[in-house]
Amino acid sequence: MNSKELIVNTLSNVVPDDIAKEQIEKLIEKPKSSDLGDYAFPTFILAKSLHKAPNMIAKDLVAEINQDGFEKIVNTGAYVNFFLDKGEFSNDILHTVLKEQADYGDQNQGKGGNVPIDMSSPNIAKPMSMGHLRSTVIGNSIAKIISKLGYSPIKINHLGDWGTQFGKLIVGYKKWGSEAEVEEDPINNLLKYYVRFHKEAEEKPELDDEARAWFKKMEDGDKDALALWTWFRKLSLSEFQKVYDRLGVEFDSYNGEAFYNDKMDDVIKTIQEKGLLEESRGAEIVDLSAQDLSPALIRKTDGATLYITRDLAAAIYRKNTYNFVKSLYVVGSEQSEHFKKLKAVLKMMGYDWSDDIHHIEFGLITTNGKKLSTRKGRVILLENVLNDAVDLAKKQIEEKNPGLENKDQVAEDVGVGAVIFHDLKNERRDNFDFNLEEVVRFEGETGPYVQYTNARALSILRKVGDVDYASADSMSLSDPEAWDTIKLIQEFPEIVSRAGEKYEPSVIAKYSLKLAKSFNQYYAHSKILTEDDGLNARLALVKSVSIVLQMSLNLLGVNAPEEM
RNA sequence: GUCGCAGUGGCUCAGCUGGAUAGAGCAACGGUCUUCUAAACCGUAGGUCAUGAGUUCGAAUCUCAUCUGCGGCACCA
């Protein structure tokens, strides 16, 4: 019986019969402050039926209640406050964590079901920006979280490797570029052509016609055009790979837009067969006015397909290939309309599984309050941000721990970790204005703070050497200084499932900060390494904290250096 | 115009399905390293939770309206 069940049972013996156990369980809450106990039962709802003031009810309940198994049960105002037996509780939880280790918190609500996650999806020949970072790290973290909940995530990098921008790129390259230049620094030089193209096209609209012509050649299978496309794609991909390596992200599929080129005719045919395709203003659409949405443009006036056509093909392909239980798209919230349409069209096509598609939207990153724009050259290069962060981390190490052995690796872990953590710390939907100083901050509520806490815990464990605390019979720890930390460790499984249900890595990030803070407080106020009866239990606590902190960081995709 | 998202101390944000005096972190000020890593810890100061109604025993949390900001709104993705 867990502690909550114990409380429900205890209460149900003294509360009027018309209040069901489930109802009691729903009413039980956690007080804001530990001084008020570990759980509380508000008595307001009993006031009417008992014709008594809530304060009196709480007092009477406490007088009647059986206190066995608790440290104490008292009333404060209208609340009945429960204080758990610290020794027993800590003994249970610490044993569990030390036994299960990295499996602690594992759950099986997913039952192995496949969950494709559309994430990252940078555009070929453009640098990865902070926006792509968001999609990448959020998707990666969600993959790890749902994997712990028993799902099988499939990480798909839906590369932007097709479209009219390649026509522009080819024009730009032919006019202003050279092979040597591109080989030397592919992304930046390709970007240079792209930005210049847009600048010059403002004056010379005929450039746009040229670009369209080149893209048409690509679609028609022209050898020269496709050779250039293949080359750009290959160079870009290997540049992207460098960033993914640093972020520790791997993909199960790189099927991007081009992959669906030969799969769209079938989709359009099906839409037509179901009688959904209409002509409007020279284009072919699916009318969605019944769903209060603007029409889905399936084919342009010139016969070319569009974004949604491709996404329909992709959605169907993924259902056929993976037979998913859910299909996730980690894409900015400015596209929420698009996903509503996508789901609506699928539904109209008779695919009920469209309900299993979820748009995991996130807020956009701005600079000085303005949206980033590749075309205007207003980008924040992810690589620069990572480099700056790592440099700063290196500097900190030189200052604070100059004797550290693998400084460069640790600087990489800390710098990159700070950037990832910063991105995941807040709710996904929040917009944020990019501020380098804030992103690479190492103090306070940051990734490095959590990493540092873990490193200190590990340092203690290194110091004790061969004390066999892990197999000790008793890990009973009634030290009030340690109590908040113990309770937080116990909460971890609940936190993981909440993060999974909401597709919200910030739940994990916030939790890791709370646990780190709580442990740092304990650390600052208690001497852990003293020879007394409590040593085993304290070491078990330190070990448990480090296990859970490392797991939390891991779920976020952040490394946890042993020393820093 | 319309739809969506948001509005909490100087700044950045927590606040779970409504509940006990609204919490953190930065920044400011003041303390704590001969003792387990001071990337830490402790303290002080700072908020009529955008505004106005409503529901409720009880609202930052739910409903409606208003204001402000951001984003989307047919041939980009």
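Observations on the model:
- Helix A:86-100 and the longest principal axis of the C-alpha atoms of chain A enclose an angle of approximately 40°.
- Phi-based couplings in Hz for the range A:449-459 (Karplus 6.51, -1.76, 1.60; Gly and Pro marked x): 4, 5, 4, 4, 4, 5, 4, 5, 4, 5, 4
- Debye equation applied to the C-alpha atoms of the range A:256-301, log10 I(q)/I(0) at 0.32 Å⁻¹: -1.12
- Listed residues A:LEU27, A:LEU61 arranged by accessible area, highest first, probe 1.4 Å: A:LEU27, A:LEU61
- A:HIS132 contributes an accessible area of around 40 Å² to the protein surface, as traced by a 1.4 Å probe with all chains present.
- Cα point-scatterer Debye curve for the range A:163-236, base-10 log of I(q)/I(0) at q = 0.19, 0.20, 0.26 Å⁻¹: -0.72, -0.79, -1.24
- Evaluated on the range A:517-564, the Kirkwood hydrodynamic radius is 12.0 Å, with distances taken between all distinct Cα atoms.
- Remark: relative contact order (the range A:445-550) = 50 percent; criterion is Cα-Cα distance under 8 angstrom and separation of 6 or more residues.
- Between the range A:310-346 and the range A:68-119, the alpha-carbon center distance in angstrom: 36
- Angle in degrees between helix A:264-273 and the longest Cα principal axis of chain A, rounded to the nearest 10: 80
- The phi torsions of the range A:238-245, fed into the Karplus equation with coefficients 6.51, -1.76 and 1.60 and a -60° offset, translate into couplings of 6, 5, 4, 4, 4, 5, 4, 4 Hz, rounded to whole numbers, with Gly and Pro shown as x.
- Counting protein heavy atoms only, chain A has 45 percent of its accessible area on carbon and sulfur, 1.4 angstrom probe.
- Here is the size of the range A:149-201 from its Cα atoms: Rg then Dmax, 16.1, 53 Å.
- Short-range pairs are left out: with C-alpha atoms under 8 Å and at least six residues apart, the relative contact order of chain A is 16 percent.
- For chain A, the longest principal axis of the Cα atoms and the long axis of helix A:505-525 meet at an angle of about 40 degrees.
- Debye log10 I(q)/I(0) at q = 0.10, 0.11, 0.15, 0.17 Å⁻¹ for the range A:390-556, Cα point scatterers: -0.42, -0.50, -0.89, -1.08
- 1.4 Å probe accessible area per residue over chain A, in Å²: 47
- Which of A:ASP466, A:ASP220, A:ASP161 is most accessible, then next, and so on - probe 1.4 Å: A:ASP466, A:ASP220, A:ASP161
- Normalised contact order of the range A:3-84, rounded percent, pairs of Cα under 8 Å and 6 or more residues apart: 29
- Sorted largest first by accessible area at a 1.4 angstrom probe radius, with every protein chain in place, the residues A:SER476, A:SER141 fall in the order A:SER476, A:SER141.
- Area accessible to solvent at A:TRP176, 1.4 Å probe radius, in Å²: 60
- DSSP beta bridges in chain A [antiparallel fraction, %, rounded to 5]: 55
- Binned Cα-Cα distance frequencies in chain A - 20 Å width, integer %: 18, 42, 29, 11, 1
- By a 1.4 Å probe calculation restricted to protein chains, A:PHE324 has an accessible surface near 10 Å², given to the nearest 10.
- Phi angles across the range A:101-108 convert, under the Karplus curve 6.51 cos²θ - 1.76 cosθ + 1.60 with θ = phi - 60°, into 3J(HN,Hα) values of 6, 5, 8, 4, x, 5, 9, 10 Hz, Gly and Pro given as x.
- Restraint check, A:LYS155/A:LYS514; A:LYS4/A:LYS52; A:LYS21/A:LYS502; A:LYS216/A:LYS371; A:LYS463/A:LYS527; A:LYS274/A:LYS347, Cα-Cα greater than 23 Å: A:LYS155/A:LYS514; A:LYS4/A:LYS52; A:LYS21/A:LYS502; A:LYS216/A:LYS371
- Shape parameters for the range A:312-449, alpha-carbon atoms, Rg then Dmax in Å: 20.2, 65
The values are calculated or read from the model by the stated rules, or taken from the named source; none is laboratory data. Nothing here was measured: the structure is a model prediction, and the numbers come from that model. With ligands, DNA and RNA removed, areas are computed over all heavy atoms of the protein, side chains included. Shrake-Rupley method; radii C 1.70, N 1.55, O 1.52, S 1.80 Å.
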